[in-house]
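What follows is a single structure, written as structure tokens, with notes after it.
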């Protein structure tokens, strides 16, 4: 079934594209349409908000971590069965790996997928100049189709009329609507970006208000009529017969997972069972491995520390040789302690001889290319995987029986500190890996769990 599709972009971050994207999704769903959400870039938080609005899991697309083919396959597969696909962009429309190309940008992804762009412009401090800005974006890349414009944070009806007249006086993409400034619709933020859906879910009233914002401001019929139809394709494979049981932490403290990573694990034969380090006193029974994703353990450190029974079970599993894999927040949870911004020290699992301290400023940010220096539960030495790093904490190493499995490079190819803290079959790192860049890593983790199961039995 053909699916209509669009990319929501902006001239720069902070223009309101997430709010507008959520509003469009909510308004389309309220029309009875099936909406498939996507997010460009290594973002976990925005997709978490997309899902409850659309009733479908949001997928990450990424021009640096993932190949063109992988992105197209992901989009065409997971847009299947939807009436409309909404792809939320990242940063400014043309912002990517460097100033000299569109590599890794929203514009590049829109062209890879053959989709038109709807440009969301913060017009709060502009009138006729807004038309000049739109003209520049429309003319900058002739190969990119700019299908329409939405002005956001419009101050009044007079302001709106100035903007409309400015657009009418030029040969520009159509103005699809103007959204008046309303701080009540803004989504709360904190140090890693927006507040997660787990901590601040969009309730029914909030979703209804987002839908009403779009319905009252944007010509949805005109927008839908302007969109192309894409021939999607359903997934062509079934998950493998489960051969090992993998426990995945998922709650308010641990919620940063690429859905594709979980799918690749299942395809490789891992059966996934979720558990909550905050709520569950015991690990799920008969498991063969543990996967601890990122999130905000620093905000729940006291509660995590109080769950002594689970901390002890994870520590015992690690010491028994069970495969344990952790990223960023999960890495901090595997350490001996986590000290928060108030200087309070909280005891953690103690699987790795590391102590972590939160800082009041960003410590590391950016794409990472990881090469395995030694064989690990993710694969043999020499395996290369791409990911992203973003954290406010620092690690104090003791060097006790601890090796590092990763050689790490940033996006331009510069060296970063060695990573991938390894002890027995426990592996933790600050880097969030996307196994779509190297599906073998997911297969090897599933195989490691199966090996442990066979040893147990």
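The values are calculated or read from the model by the stated rules, or taken from the named source; none is laboratory data. Model, not experiment: these values are computed from the prediction. Don't worry about glycine lacking a Cβ; one is built from the backbone with ideal geometry, like all the others, and counts go over all protein chains shown.
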Residue in region 176-183 that is at positive phi, modelled with pLDDT of 85 or more and not assigned by TED's automatic domain parsing to the domain that holds residue 254 present: yes
Which numbered condition residue 101 fails, given (1) buried (at least 20 other Cβ atoms within 10 Å of the Cβ); (2) over 19 Å from the mean Cα position of the chain (by Cα); (3) closer than 20 Å to residue 119 by Cα: (1)
Close pairs from region 439-457: first assigned by TED's automatic domain parsing to the domain that holds residue 287 and closer than 29 Å to residue 69 by Cα, partner at pLDDT 95 or above and part of a helix (DSSP H, G or I), Cβ under 7 Å, at least 6 apart: 439/264; 441/435; 442/261; 442/264; 442/265; 442/435; 445/265; 446/265
Candidates 62, 95, filtered to the one that is under 18 Å from the mean Cα position of the chain (by Cα), assigned by TED's automatic domain parsing to the domain that holds residue 37 and within 18 Å of residue 434 (Cα to Cα): 62
Residue check for residue 291: at pLDDT below 95, farther than 30 Å from residue 147 by Cβ and buried (at least 20 other Cβ atoms within 10 Å of the Cβ): no
Odd one out for residue 160, checked against (1) part of a helix (DSSP H, G or I); (2) within 28 Å of the chain's Cα centre (by Cα): (2)
So residue 280, is it touching a helix residue (DSSP H, G or I) at 6+ places or on another chain (Cβ under 9 Å) and surrounded by fewer than 18 Cβ atoms within 10 Å (Cβ to Cβ): yes
Check on residue 404, surrounded by 16 or more Cβ atoms within 10 Å (Cβ to Cβ), part of a strand (DSSP E or B) and over 25 Å from the mean Cα position of the chain (by Cα): yes
Residues satisfying the stated conditions in region 319-361, i.e. in a helix (DSSP H, G or I) and within 28 Å of the chain's Cα centre (by Cα): 329, 330, 331, 332, 333, 334
Helices (runs of 4 or more DSSP H) wholly inside region 43-137 containing at least 3 residues that are under 22 Å from residue 365 (Cα atoms) and out of contact with any helix residue (DSSP H, G or I) (no Cβ under 6 Å at 6 or more places or on another chain): 45-54, 106-113
Any hit, region 6-19, residues being closer than 27 Å to residue 264 by Cα, surrounded by 19 or more Cβ atoms within 10 Å (Cβ to Cβ) and modelled with pLDDT of 95 or more: yes
Filter result for the condition that a residue is surrounded by fewer than 13 Cβ atoms within 10 Å (Cβ to Cβ) and farther than 22 Å from residue 272 by Cβ, over 362, 423: 362
Verdict on residue 368 being part of a strand (DSSP E or B), surrounded by 16 or more Cβ atoms within 10 Å (Cβ to Cβ), within 25 Å of the chain's Cα centre (by Cα) and not assigned by TED's automatic domain parsing to the domain that holds residue 105: yes
Filter result (over 14 Å from residue 385 (Cα atoms) and in contact with a helix residue (DSSP H, G or I) (Cβ under 6 Å, 6 or more places away or on another chain)) within region 431-457: 446
Residue check for residue 399: at pLDDT below 95, more than 24 Å from the chain's Cα centre (by Cα) and not assigned by TED's automatic domain parsing to the domain that holds residue 64: yes
Qualifying residue in region 92-114 (condition: more than 15 Å from residue 20 (Cβ to Cβ) and touching a strand residue (DSSP E or B) at 6+ places or on another chain (Cβ under 6 Å)): yes
Given (1) out of contact with any strand residue (DSSP E or B) (no Cβ under 6 Å at 6 or more places or on another chain); (2) touching a residue at least 24 places away in the same chain (Cβ under 8 Å); (3) farther than 15 Å from residue 325 by Cβ, number of the condition residue 284 does not satisfy: (1)
Residue match in region 384-396 (condition: at pLDDT below 95 and assigned to a loop (DSSP other than H, G, I, E, B)): yes
